[in-house]
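The values are calculated or read from the model by the stated rules, or taken from the named source; none is laboratory data. These figures come from a predicted structure and were not determined experimentally. As a convention, Cβ positions derive from the backbone with ideal geometry for all residues, glycine included, and neighbour counts pool all protein chains shown. For accessibility, only protein heavy atoms count, side chains too; no ligands or nucleic acids. Shrake-Rupley method; radii C 1.70, N 1.55, O 1.52, S 1.80 Å.
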Amino acid sequence: MNNDYMARIQAVLQFIEENLEQDLTLEMLAEISNFSKFHFSRIFSAVIHKTPMTYLTERRLHHAVTYLSTTNKTMLDISSLCGFTSVSSFNSSFKKQYKTTPSAMRRSMQENSNIPLISGNNQEELSLSKNYDLNSKNNNNFLRRVWDMNIEVKELPGYQVAYARHIGSYLETYKAWETIGKWAQDNGIPREQYFIGISLDDPSVTDEQFCRYDACITLPEGFSAESGSGIEFKTLSGGQYALYKFYDTIDKLAIAYQSVYGGWLPNSEFEPDDRHALEFCMNDPYTDPDGKAKIDLYIPIKRTLS
């Protein structure tokens, strides 16, 4: 991983450790990393193997355990010090992580330890945990699998497109393709136009039911666009992209994204640009002999500033 990416992710980890009691948002963490919110989530998840908010919650709970074992602070105090909005949300997250309640864990630790509790009135300093090791064996094994990816750097023009939007699981985007396909047929759009999918949300940080996806078809020059029947129009920005040729079942596409963002990009001379990735659909997976989707995945990039 190049030093710039390492420093930016490390800055986020350090910021989290120093501000656990604050109301930290994804936008705030993305700003610390100097990546856009969308790209930051994918890079962080690919490198750390957890979403930013999952990592944040785990760090808060880790510190909560330390408070439980070394102080007699109340559950309200601990929940507040660790950044939870209420005792109930603290209890819920704690039980989900440790399969027990904070009170039960404290009792268990008291029964099995001779270490006295520190007075809750003391202003004790809890030591910071070690930062996540970005050079760990697990990370290097993960990166090694993608270093040999066949990535091409390409320049794309801008495209005028018509599109149908799907909101929900990305495994059900065929509904939007049926809508745009019927519209294209009714309006005499030539079959040689490009079919482009755009995943507008990262499913690792957005609830599945709220994920947005645009099924697009490029428009021939001179086409007179009229919206209607759930069809809208827009311009896709051109520019420099990293092309990864994907051919597998559609459920594996998320892994391809993770590989490019977490493996290839950090070891390249590029960083993600603030545009959406484009999924050029090169076949119909429902008619493919192996049921696989052939997709030219274009990730927007720009050169890393030296």
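Worth pointing out:
- Taking only the Cα atoms of segment 226-306, the ratio Rg/Rh comes out at 1.06, with Rh defined as the Kirkwood radius.
- Using a probe radius of 1.4 angstrom, the carbon and sulfur fraction of the accessible surface of segment 236-306 is 51%.
- Taking the accessible area of segment 1-84, probe 1.4 Å, and keeping the other protein chains in place, the carbon and sulfur fraction comes to 52%.
- Too-long pairs where the Cα-Cα distance tops 26 Å, listed order kept, from Lys182/Lys302; Lys96/Lys292; Lys50/Lys99; Lys182/Lys292: Lys182/Lys302; Lys96/Lys292
- For segment 147-306, the orientation-averaged shadow of the C-alpha convex hull comes to 10.1 nm² (one quarter of the hull surface).
- Ligands, DNA and RNA are left out, and with a 1.4 angstrom probe the accessible area of segment 148-241 is 57 Å² per residue.
- Taken about its Cα centre, the chain carries a charge dipole of about 900 debye when Lys and Arg each add +1 at the Cβ and Asp and Glu each add -1 at the Cβ.
- Its Cα gyration tensor gives segment 1-73 an equivalent ellipsoid. The semi-axes, each the square root of 5 times an eigenvalue, are 25, 12, 11 Å from largest down.
- Here segment 195-210 and segment 37-112 have alpha carbon centers that stand 28 Å from each other.
- Segment 37-90, Cα convex hull volume normalised per residue, Å³: 77 Å³
- With the Kirkwood sum run over all distinct C-alpha pairs, the chain has a hydrodynamic radius of 22.1 Å.
- Simple rule: put +1 on each Lys or Arg Cβ and -1 on each Asp or Glu Cβ in segment 217-306, find the dipole, and look at Leu253, Gly263, Tyr241; the Cα lying farthest toward the positive end is Gly263.
- Helix 3-18 vs. the chain, principal-axis angle (Cα, 0 to 90°, nearest 10): 40 degrees
- The relative contact order of the chain comes to 20 percent, based on Cα pairs under 8 Å that sit 6 or more residues apart.
- Segment 1-91 - percent relative contact order, Cα under 8 Å, separation 6 or more: 26 percent
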